[in-house]
Amino acid sequence: MGGLLWDLGPSDATVRKTVLTTIQDEAPASFLVTGTLDMRAAVRVDSAQYLTPSWLTSLLRQTQPSALPLLRGGSETQVRVPGTVSYGFDVQTLDASMIAVDDPGRVGVALPSLTVHSVEPDLGRLEVRSQASGWMRVLPSDMPAAVRREALGAVKAAFREQAARRLGAATQPRVNTARALKKMLRPALEAAGVEAPQFRIRVGDELVLQPKGG
């Protein structure tokens, strides 16, 4: 959980309403994206029942003819691909009880835990590895439908699993989220009557950062 605090002038109710409406207005679909992670996923696909030499033979004939004599029907294929994962939080989980207005005019906002929003593999850079060919660039459309479904499903699951681990352990995504909220809330608070709002951002239970310039 993270927190945001700033000096305020308006009433507690005004501050709470400003925070809630500003965040919710920025996320019309209820999820506020606050950052992205660049990742690479590598998975193994058990392809014994549908990976036949025919589709790899066609590709190898164009790219690596010397590998054709070595081609055998295998039981496993490795797939790797880079991609981007977006993260943030569901703004519907944020309510007035999570906003504490403390004397002498500082406000704390308890932020919901960060979760994965979307996974976008860069399919134009997808690579497949077989015993015969090594790593080679493959378009998803070149793969048999069954292999493609299993491979892309496994890749997306791997992206989500890796991202969830990073969101749970790394500080930077929470710092990015705090900075995004600071940028979002500053104009709204100034319009509501908070003069030159200053932000103190707490990330996790122990680390406190004071961004330069408030």
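The values are calculated or read from the model by the stated rules, or taken from the named source; none is laboratory data. Everything numeric here is computed off the predicted structure, so don't read it as measured data. Neighbour counts run over all protein chains shown; Cβ positions are idealised from the backbone, glycine included. Please note that ligands, DNA and RNA were not included when accessible areas were found on the heavy atoms of the full protein model with its side chains. Shrake-Rupley method; radii C 1.70, N 1.55, O 1.52, S 1.80 Å.
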Segment 43-56 - residue that is in a loop (DSSP other than H, G, I, E, B) and open to solvent by 40 Å² or more (accessible area, probe 1.4 Å) and, of those, modelled with the lowest pLDDT: Y50
Candidate set: segment 181-214, residues that are touching a Leu at 6+ places or on another chain (Cβ under 8 Å) and modelled with pLDDT of 80 or more; chosen: the one farthest from A27 (Cα to Cα): K182
Extreme residue, surrounded by the fewest Cβ atoms within 10 Å (Cβ to Cβ), among residues of segment 168-196 that are of a type in the set (K, R) and out of contact with any strand residue (DSSP E or B) (no Cβ under 7 Å at 6 or more places or on another chain): K183
Members of segment 130-177 that are among the aromatic types (F, W, Y) and part of a helix (DSSP H, G or I): F159
Residue pairs meeting the criteria (Cβ under 9 Å; at least 6 apart or on separate chains; first outside any strand (DSSP E or B), in segment 77-98; second acidic (D, E)): V91/E26
Residue check for R16: of a type in the set (K, R), at pLDDT below 90, surrounded by 12 or more Cβ atoms within 10 Å (Cβ to Cβ) and assigned to a strand (DSSP E or B): no
Candidate set: segment 19-42, residues that are aliphatic (A, V, I, L, M) and open to solvent by less than 20 Å² (accessible area, probe 1.4 Å); chosen: the one modelled with the highest pLDDT: L37
